[in-house]
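The structure appears below as structure tokens.
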Amino acid sequence: MSQYRIAVIVGSLRKDSINRKLADALVRLAPAELTFLHVSIGDLPLYNQDDDGKPAEPVQRLKADLLAAQGLMFVTPEYNRSMPGVLKNAIDHGSRPYGQSAWAGKPAGVLGASIGAMGTALAQQHLRNVLAYLDVPTMGQPEAFIQIKDDFFDSQGNIGERSRSFLQAWMDHFAAWVKKHAG
């Protein structure tokens with residue numbers, strides 16, 4: 001059985017982020033052949049093309065983590081009907097300098113959670129548009145626009161009973177997507 005390393009990129013820096021909690025709970029639903037590395041993006045400087053020749057240590061770490069992964073899992077909130085700036089900044093760093101993208105060719109899954117009824121639908125769509133340009137094969141179905149309610153997580157931080165089967169199916173599809181597309 002092959003092992004696949006998945007880079008988890010959470011688009012929120014908040015300590016009690018529901019998207020971070022979702023990412024942690026999803027990892028517990030994964031099959032044994034997937035291992036996960038939560039990629040840190042909060043310490044990245046703002047992207048500046050002048051720094052492409054001598055990237056800061058956090059940028060070097062980001063690119064190394066991405067290059068070591070066989071797949072990507074994006075878990076993002078929605079800010080002002082789009083992805084958070086910190087996530088876009090990480091994407092820009094990982095894709096530069098031009099022609100040296102650490103994202104290219106890596107299969108990805110995209111999902112996110114919100115307390116609102118739209119559940120990050122627009123942020124996910126914007127992220128998918130960017131990933132398409134970066135040559136990241138992104139799983140199209142099932143989509144997961146998650147609205148967090150009081151019983152979404154159980155007392156141990158796992159996916160609650162009402163949502164578990166849906167997210168288990170999402171994770172199963174994601175695992176199959178990675179296996180099919182990982183280089």
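Bear in mind that the values in this text are calculations on the coordinates, not laboratory data. Keep in mind that what you see is a predicted model, and the values were worked out from it rather than measured. Every residue, glycine as well, gets a Cβ built from its backbone with ideal geometry; the counts of neighbours run over all protein chains shown.
Give the angle, between 0 and 90 degrees and rounded to the nearest 10, that separates the Cα long axis of helix 85-95 from the longest principal axis of the Cα atoms of the chain.
The answer is roughly 50 degrees.
Have a look at the DSSP beta bridges in the range 4-181 and tell me what percent are antiparallel, nearest 5.
DSSP beta bridges in the range 4-181 are roughly 10 percent antiparallel.
Counting only residues 5 or more places away or on other chains, whose amide H sits under 5 Å from the amide H of VAL10 once H atoms are built in the peptide plane?
VAL39, VAL75
Can you compute the helix-only [θ] at 222 nm over the chain? Use -39500 (n - 2.57) per DSSP H run of at least 4 residues, normalise by all residues, nearest 500 deg cm²/dmol.
Taking each H run of at least 4 residues, the total per residue is -11500 deg cm²/dmol.
At 0.36 nm per residue, and after removing the present C-alpha to C-alpha distance, how many nm does the segment from ARG5 to ALA169 gain when stretched out fully?
57.1 nm
Tell me, what is the percent relative contact order of the range 67-183, built from C-alpha pairs under 8 Å that lie six or more residues apart?
Numbers: 177 pairs, mean separation 34.4, N = 117.
Rounded, it is 29 percent for the range 67-183.
Tell me the angle of helix 18-27 to the major Cα principal axis of the chain, expressed in degrees between 0 and 90 and rounded to the nearest ten.
Between helix and principal axis, roughly 80 degrees.
Sort 88-100, 39-51 for me by packing, meaning the mean count of neighbouring Cβ atoms within 10 Å per residue, highest on top. Spell out each step's value before the answer.
Working: 88-100: 17.3, 39-51: 13.8.
Top to bottom by mean Cβ count within 10 Å: 88-100, 39-51.
How far apart, in nm, are two points set 7 Å out from the Cα along the Cα-to-Cβ line at ALA64 and at ASP43?
1.2
So, in the range 52-183, how many Lys pairs have Cα atoms under 24 Å apart, if the pair is 8 or more places apart or on different chains?
Here the count comes out as 9.
Against the longest alpha carbon principal axis of the chain, how many degrees, from 0 to 90 and to the nearest 10, is the axis of helix 57-68 turned?
Orientation of helix 57-68: about 60 degrees from the principal axis.
Give, as ranges by residue number, the residues of the range 69-83 whose backbone N falls under 19 Å from the point 7 Å along Cα→Cβ of TYR133.
What the label zone holds, given the 19 Å backbone N cut-off, is 74, 79-83.
Which residues does a label at VAL27 reach in the range 144-183, if reach means a backbone N under 11 Å from a point 7 Å past the Cα toward the Cβ?
Correct set: none at all.
What is the set of long-range amide H partners of LEU34 at a cut-off below 5 Å, with H atoms built 1.01 Å from backbone N?
Placed amide hydrogens put TYR4 under 5 Å from LEU34.
By how many nm would the segment from GLN141 to GLU161 grow when fully extended, if each residue of separation counts as 0.36 nm and the alpha-carbon distance is taken off?
Taking 0.36 nm per residue and subtracting the Cα distance, the gain is 5.0 nm.
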